[in-house]
Every structure is written in structure tokens, then in C-alpha cells.
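Okay, structure first, notes after.
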Amino acid sequence: MPKYSSSEIRNMALVGAGGSGKTTILEEMLLAAGAIGRAGRVEDGNTIGDYEDLEKEFHHSLDSALVHFDFGGAHFNVLDTPGVPDFLGRTFTALSAVETVVVVVDAAAGIETVTRRVMKAAKDHGRPRMILVNKIDNASGLDTLVSDLQETFGGVCRPINLPTDGGKAVIDCLQTTDGASDLGDIASFHTGIVDQIVETDEALMEQYLEQGEVSPEQLKDPFKAALRQGHLIPICFASARESVGIKEFMQIVADLCPNPAEGNPLTLAFTTNGEPTTMTLDCDSAKPALAHVFRVTSDPYVGKLCVFRVHHGEIGAGDQLQIDDVSRPVRIAHVFKLQGKSHTEADRIIAGDIGAVAKVEELSFGSIMHAAAVGDAPRLQCPPTPKPMFGLAIEGTSKGAETKMGEALSKLVAEDPSLEIERVKATGETVMRGLGEQHLRIKLRLLKDRYGVEVSTRPPRVAYKETITAKAEGHHRHKKQTGGAGQFGEVYLRVEPIDSRSEGADEAVNGLIFEDATFGGSIPRQFMPAVEKGIRRVMHEGAIAGYPLQDIKVSVYDGKHHPVDSKEVAFMAAGRKAFVDAVQKAKPVLLEPFVDLEITVPASFIGDISSDMSGRRGRIQGTEMLAGDQAVIRAEAPLSELMSYASQLKSITGGAGSYAMEYSHDERTPPNVQAEVIKAYKPKDDD
Ligand SMILES: Nc1nc2c(ncn2[C@@H]2O[C@H](COP(=O)(O)OP(=O)(O)O)[C@@H](O)[C@H]2O)c(=O)[nH]1
Ligand SMILES: [Mg+2]
């Protein structure tokens, strides 16, 4: 058994913009706790957090790293996460493994787009939050930053300590009632945070109003309650480079942040006999073991390594556990505690703790490991990870590479929630999708370095879709006479557009409702499946430009057959061609994917951004001024026009802008674009 108990555990994730100092803070924490003898530097590539070769090369974190140490009477598990927008997928999934989310803000850079995104994700996911303002050695105007934070994230943001001595130290303002700091008198900050805390506890509030003070001990529980309710977001100050404020921050976490039983519990969703059910994960060590996998990596020595958080019971070597809803148990050979890239074998991983298992091929991202049955399809209710939008068509450079590529790609996908591989039928391409250009560049490097697979890449063809906008009728008579036996089938049908959410629309073929409206046996029953098969093929292959069709109702209302020559293949061909005939008359249109964009720039660039957006067929939806003379512009635009937006934004703003985009909806392409796409399409006729 470990030397610590569940109630001594403090799980936290360091999140925030790239370059704000998370990896350096982690290093300083390890040093302060005596877990390492000397702090490494991100620039030197010798930190515990950035240990992968590519991280050392790029000098920033690409994946979350996990460390543990004991400090101030607590056992810490700390996740260092990537802050670059392209790698936020694995930052979001780390949130479900911890009680406290610590958002690191660079004192000089202030509030960045990523700061806002992670603050929101943590809030939406009900995680208690703290803000750690780092690099106070390198900043002026910290008082403005505090008011910017309060303006942006609410008056619930309150300093719990303050820089003093010109940023050479920090001084507590929760227990300290007066004195001086770099930001002015401590008294008003003290009142600010205590007011915020006592508001969660009426009795304490009364005492406070009557006696003017409450003891630090009395504040502990209400402090945790305020964190849980999002009624308090404490702000700490630090300089990781100068080792200022780190121990103080750690002591605050040890003393005041929730242990696994005190945080906001997560919910497990599953079904029993088809009925949706939920279970609250309350960190009960007496319940049968239950854990979830939130990180999957490939370790060069131990192979597939899955990091899990235990919610109930405990997990140790020799345990038999079920994975998801597969009832055949898997035997756990060893469990580990991780320290960056190194792992030490542990005896048992107790409730609330974080550990790892190696070489369990059945596990993947989000898997639930459990000792007792928990119903079907158990799933943790987690914050949605950013949807991959940026795509590259890839192709193996040699014949053997194609098969190797398939295997390697599925391994990469198993590790990264924001990576998708799609084999696009419409275009015949294998498309790798991620959060941005840099994200995919790293994956290509891994393909080559780790799996020895070289691929060529090009921009993917836009994933258009086809649909119809009017009702129409179609007809085809298929007749062939080759020597003796002939082929004969004739089909009349109607098509009409439907809403994709119509009842009965078959999702597997993009919303098709097929109806047999014939009577009198004009098409014998046994041939109807062949007619439908022909139609489904067109749904996949498209009728006007080679892209999948969607949202159509088809009614076959008449036809003819021949007692000898009617065959399935004849009706399939007749159904297919009658359907193409009808679609072409039904005012067909091409749809293209649109995305929602959130562009953050210094306010002076609003005009330039807007005019560039309209050149890309984009529409500005609103502009909002932010603290610190920044603005957020919200827009929607076709994905096809945004292939090189990252570099365009960089050149407009000189690197001061950032953006996030997410799939929004499909929209009709303008007539000129549609005409061009259709012109480029050469249908193959194969019968
Ligand atoms: N001046 C100053 N620089 C710092 C401080 N903390 C980190 N840095 C530097 O900021 C850069 C980014 O740090 P890193 O830890 O990689 O940030 P991360 O991307 O948030 O993990 C590195 O060059 C660090 O040396 C600090 O407190 N003061
Ligand atoms: Mg980092």
C-alpha cells in the first residue's frame, strides 16, 4: 500500500497558453518537493515535463506529462499539459482526471485566447479553478492584470497572495490582515477574498459581520465549497524562473484545495436494459474498483502505456478487470506511478489516485476499467474535445508503406482524441484530420521516426455533399440482350428533399428514406432490395459531382418486369439510373462545410480581419472588446477558404492574433463554385 491515503491526494492540472511557464513551474515544484536535485530548463530539453524527443526539439509540450511528489502533508499528482492550440485535445481530456485546474497566466502576455478557452472548458466541466500568474519577475502593471482577470472571468477572481519586494517574494493575504505589497495595502485584498469565501456559509458570514474576523481554520471548508461552486477563483503569483512563490502555491494546494472526495464528482453514464442510467463517482474506496483511462501513449520500452484515474476501490497487480462492456476480464500484470518518462512499479493505486498500466491492448482513450458489472456502454461524461478540422490527404510512398501506414495510423489515433483518419469515399483519399498544421506535422514526423512510414501529403479535396431542393420523378428501363439470356428491369420513382432529422431517415446513408409504393406486383417483391441497393449506391457515390448525397426520400411507384430476363442486377441498374435521373431533375445542389471562427486580435486589427474575412466568403457575426485592448471577432466561413488561415492571420497581425475554429454546419455552395466542381466530375459508367 502507498504511504498516503486518499484524503491526502491532490490532483491538479497545469493548463494555460503555450509559453506561460507550466513546464518550468512543474520542474520547480519537483525541486521544492525534493523529488529532483536540480531543475532542468525547457530550452535545454532536460525537464521532466517535456521528455519526448519532439518536445525537446520544439521546446514546448505536445502531450500531457504526469508527475507525483509529496509536499506539505499531501501527495500531489500534477499533469503538465500542452498550451499550444494545436495540441489542446489532450489538455481537455486531462481535466476529467483532476479536482483542481490551475490556469497559468504569463504576467507579461496577460489573458490569451487559450487562457479563455481553458477557463471555459474547466468551468463547463465543473472543475474548481485557480489562476497562477507566472513570470512576475518580467512584468509591470500587475494591478491592471488583476482587474483584467476580474473583468474577464468575474469578481470571483481574488488574489490569495500578492507580489512583494519588487516581485522577489510573495506575501499571503488570506490570513495576513494588513501590511504592504507591490499592489498596495494588503487589507483590501484580504477583505476581498474573505468576503468571497464567507458568502458560501451563512453562519460564518454572520460571525464575520459581527466580529469582523474569522479564524483561518474556519475558512477551510467554506474555501473548498467556494471553489466547487465557482464562487472563488484564487489568484496566486509566482516566478518559476526565480523560484518565487512556488512553495507558497504548493502549500495553498495542500492546505486548501479539494482532495478526491471533496471535489466535484464526475458522473458515469451507461445503459441497463437499454435504459440510460448514471452513477456518481464519489471516490469511495470500499466500492468495487472503477477507473477511467485519460491518456494513452507509446513508450519505447514498455509499449502501449495507459494512464488511468481510480474513482472507486483500488487497482493493483494481479487484479482481473473488465474493460468497458466486454465481460471477459483482463488481468492486470503491473501498475505504475509515472514521473515524466520514467515509471516505477507500484503496489496498488488507491481511490482518487492516478496510475498507469502497460501493454493492455484492449484499453483505449476513455475506456472504463471495472471490477464489478456497471451496465452497457459505460462512458464518463467529459468535456467535448476540440473537433479536428484541419485535414491533409496522405498516401504511402511505396506499396508496402500503405499497409504499414494503416497500422501506424490506428496507433496514433488511439493516443490522441483530436486526431481522426477518414477514408473519404467521395474523393478516394485517406485524410488525416487534426487541430492545425503543426499538429499534423508532428504526426507525420512520428509516422516516420517511430514507425518508419513515409507518406506524401497534399491538401484534401473539399468534402462536399450533394442534396436536392425540389421534388422530381425519374425513370429507367434497363434492357440488355447478350446472346441467349437477357437482362430486363424497369423502374419509376419519385424523390423529395427531407429534413435530415426526419423520423425514419437512415443515418448510415446520410438520411435516406426508401419507400416501396408499387402495387399490383409491377416490380416483384424479391427484386425490391436490388432496386434499393442501386439507390443506396448512388447515395454513397453521388449523382452530379461524385460526392455523397443526403436527406432524400425515394418512393418507387411503378415498374415492369419480364418473366425470364428479370434479374437482380437488372433492377439494381434500373434503380440506380432512375435515381440519378430523378436527382438531376430535382434541382440538385452541392453543400460545403462551414466553420465557426473565434479570432482574437489587438483591437486595431478589427478592420483588416473583417475585410480579409469577406474575401473568403466569411460573415462577421459579432465583435467583442476584451480587457487589455484586445477584441474577439466571431465569424462563420467555408472551410475550403481557410486552408492557410494560420499564416494569413500571422501576416496581418504580425503574430499577435490567434484563432479557434469548429465545424458549424453545411451550406450551399455559390452557383459558380458548384458549376466548376460539377464540370470537373467525370462519372464512370460501368454496365
Ligand atoms: N522571465 C521568466 N521566464 C519564465 C518563467 N517561467 C518560465 N519562463 C520561460 O518561459 C518560456 C516558456 O516556459 P515553459 O515552461 O516551456 O512554458 P509552457 O509552454 O507553459 O510549458 C521558457 O523560455 C521559460 O524559461 C518566469 O517565471 N520568468
Ligand atoms: Mg510546457
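I'm checking my understanding of the structure. Among residues of segment 240-250 that are out of contact with any Phe, Trp or Tyr (no Cβ under 7 Å at 6 or more places or on another chain) and not in a helix (DSSP H, G or I), which one is farthest from R38 (Cα to Cα)?
Our first condition is that a residue be out of contact with any Phe, Trp or Tyr (no Cβ under 7 Å at 6 or more places or on another chain); within segment 240-250, this holds for 240-244, 246-249.
Filter again for not in a helix (DSSP H, G or I), leaving 240-244.
Numbers: A240: 13, R241: 13, E242: 14, S243: 12, V244: 16 Å.
Out of the qualifying residues, it is V244.
So that you can scan it fast, the table gives a plain yes or no per residue for (1) under 20 Å from the mean Cα position of the chain (by Cα); (2) within 12 Å of ligand 1 (Cβ to nearest atom):
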| site | (1), (2) |
| --- | --- |
| A39 | no, yes |
| F58 | no, yes |
| G83 | yes, yes |
| F92 | yes, no |
| L95 | yes, no |
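Among the residues of segment 47-79 satisfying the criterion of being within 13 Å of ligand 2 (Cβ to nearest atom) and of a type in the set (G, A, S), which is surrounded by the fewest Cβ atoms within 10 Å (Cβ to Cβ)?
Looking at the filtered set, the residue picked out is S64.
So, of the residues in segment 68-81 that are within 13 Å of ligand 1 (Cβ to nearest atom) and hydrophobic (A, V, I, L, M, F, W, C), which turns out to be farthest from L256 (Cα to Cα)?
Our first condition is that a residue be within 13 Å of ligand 1 (Cβ to nearest atom); within segment 68-81, this holds for 78-81.
From what's left, hydrophobic (A, V, I, L, M, F, W, C): 78-79.
Values: V78: 16, L79: 19 Å.
Taking the candidates together, the pick is L79.
Would you mind finding the one in K479, K404 that is part of a strand (DSSP E or B) and among the charged types (D, E, K, R)?
K479
What tally of residues in segment 524-560 results from selecting those that are over 23 Å from I678 (Cβ atoms) and in a helix (DSSP H, G or I)?
Matching residues across segment 524-560 total 9.
Being of a type in the set (D, E) and within 22 Å of D178 (Cβ to Cβ) is the filter here; which residues of segment 200-211 pass it?
Scanning segment 200-211 gives a single hit, E210.
If you go through segment 106-117 one residue at a time, do you hit one that is closer than 23 Å to H292 by Cα and within 16 Å of ligand 1 (Cβ to nearest atom)? Before the answer, list the steps.
Of all residues in segment 106-117, those closer than 23 Å to H292 by Cα come to none.
No - not one qualifying residue is present in segment 106-117.
Residues checked against (1) in a loop (DSSP other than H, G, I, E, B); (2) within 14 Å of ligand 1 (Cβ to nearest atom):
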position	(1), (2)
K120	no, no
R127	yes, no
S140	yes, yes
V146	no, no
T152	no, no
I171	no, no
Q175	yes, no
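Does T100 fit the bill of being away from ligand 2 (no atom under 11 Å from the Cβ) and at pLDDT 95 or above?
Answer is yes for this residue.
If you take just the strands (runs of 3 or more DSSP E) that sit entirely in segment 251-363, which of them hold at least 3 residues that are under 26 Å from the mean Cα position of the chain (by Cα)? It would help to see each step written out before you state the result.
On the way: elements: 266-272, 275-281, 290-299, 303-312, 320-323, 326-331, 335-339, 342-346, 354-358.
Here the list reads 266-272, 275-281, 290-299, 303-312, 335-339, 354-358.
Scan segment 19-37 for residues that are within 10 Å of ligand 1 (Cβ to nearest atom) and free of Cβ contacts under 8 Å to residues at least 60 places away in the same chain and jot them down.
Hits for segment 19-37 are T23, L26.
Of all residues in segment 584-611, count the ones that are under 28 Å from the mean Cα position of the chain (by Cα) and of a type in the set (D, E, K, R).
3
Just for segment 1-41: of the residues that are buried (at least 24 other Cβ atoms within 10 Å of the Cβ) and of a type in the set (D, E), which one is farthest from ligand 2 (Cβ to nearest atom)?
E28
Check D44 against each of (1) surrounded by fewer than 20 Cβ atoms within 10 Å (Cβ to Cβ); (2) within 21 Å of R441 (Cβ to Cβ); (3) more than 8 Å from ligand 1 (Cβ to nearest atom) and name the one condition it does not meet.
Every condition holds for D44 apart from (2).
The values are calculated or read from the model by the stated rules, or taken from the named source; none is laboratory data. Fair warning: this is a prediction, and the values are worked out from it, not measured in the lab. In this analysis, Cβ positions are derived from the backbone assuming ideal geometry, glycine residues included, and neighbour counts consider all displayed protein chains.
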